[in-house]
Amino acid sequence: QLQVEEFGGGLVQPGGSLRLSCAASGVNLDYYAIGWFRQAPGKEREGVSCISTSGGATNYADSVKGRFTIARDNVENKVYLQMNSLKPEDTAVYYCAVDGRCTGWGIFAADFASWGQGTQVTVSS
């Protein structure tokens, strides 16, 4: 399994922004589709965003379209999730998932093999 880590979570006020980072040492993330997921207490893990391999196609959950952006930084070998206009309902543990696929039909946890431990994002005034 790949060793995956997420960084950048924290506490932010509604309307604020955070940028999450995903890293996996020893591999080139450009070879993999990357998914971002989140899970709030007592709720199902949901797909937030996904970025494909060479084609660079991106997918977003309806709840975050227009607010979140997923992007690669191939020089740094990282994938970012830029989160703008954050809402309290965005509060969750956010996970980076690697070694899967972006289907275009949805962002599904079962499609990904390697997961980070999660980083907490709390949106509160």
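The values are calculated or read from the model by the stated rules, or taken from the named source; none is laboratory data. All values derive from a computational prediction rather than experimental measurement. Glycine gets a Cβ as well: all are built from the backbone with ideal geometry, and neighbour counts include every protein chain shown. Accessible surface areas use protein heavy atoms only, side chains included; no ligands, DNA or RNA. Shrake-Rupley method; radii C 1.70, N 1.55, O 1.52, S 1.80 Å.
Find the cysteines in the chain that fail to meet the 4.7 Å Cβ criterion with every other cysteine, and list them.
Flagged as lacking a Cys partner: nothing.
Provide, for q = 0.15, 0.21, 0.26, 0.31 Å⁻¹, the log10 of I(q)/I(0) from a solvent-free Debye sum over equal Cα point scatterers in region 9-61.
Normalising to I(0) and taking log10 leaves -0.58, -0.99, -1.15, -1.21.
Out of every Cα-Cα pair in region 45-90, what percent are more than 12 Å apart? It would help to have the intermediate numbers written out before the result.
Details: 662 of 1035 pairs.
Roughly 64 percent, rounded to a whole number.
Taking the inverse of the average 1/r across all pairs of different Cα atoms in the chain, what Kirkwood radius in Å do you get? Don't skip to the end; give the middle numbers.
Numbers: mean 1/r = 0.0705 Å⁻¹.
In the chain this quantity evaluates to 14.2 Å.
Can you give the accessible area per residue of the chain, in Å², using a 1.4 Å probe? Could the numbers behind the result be given before it?
Numbers: 6470 Å² over 125 residues.
The answer is 52 Å² per residue.
Specify the longest stretch of the chain that does not include any exposed loop site, a site being one of the GluC sites (Glu not before Pro) with a non-H, G, I, E, B DSSP assignment and at most 15 other Cβ atoms within 10 Å. Can you show the working numbers first?
Details: sites that count: Glu44, Glu76.
It works out to 77-125.
If you roll a 1.4 angstrom probe over the protein chains with everything in place, what fraction of the accessible area of region 54-113 belongs to carbon and sulfur, to the nearest %? Show your work: numbers first, answer last.
On the way: 1510 of 3120 Å².
For region 54-113, the apolar C and S fraction of the accessible surface comes to 48 percent.
Provide, for q = 0.27 Å⁻¹, the log10 of I(q)/I(0) from a solvent-free Debye sum over equal Cα point scatterers in region 53-119.
-1.65
Within the chain, what's the longest run with no trypsin sites (Lys or Arg not before Pro) in a DSSP loop and at most 12 other beta-carbon atoms within 10 Å? Give the range, please. Kindly include the intermediate steps, with their values, before the conclusion.
Working: sites that count: Lys43, Lys65.
For trypsin sites (Lys or Arg not before Pro) (loop position, at most 12 other Cβ atoms within 10 Å), the longest site-free span of the chain is 66-125.
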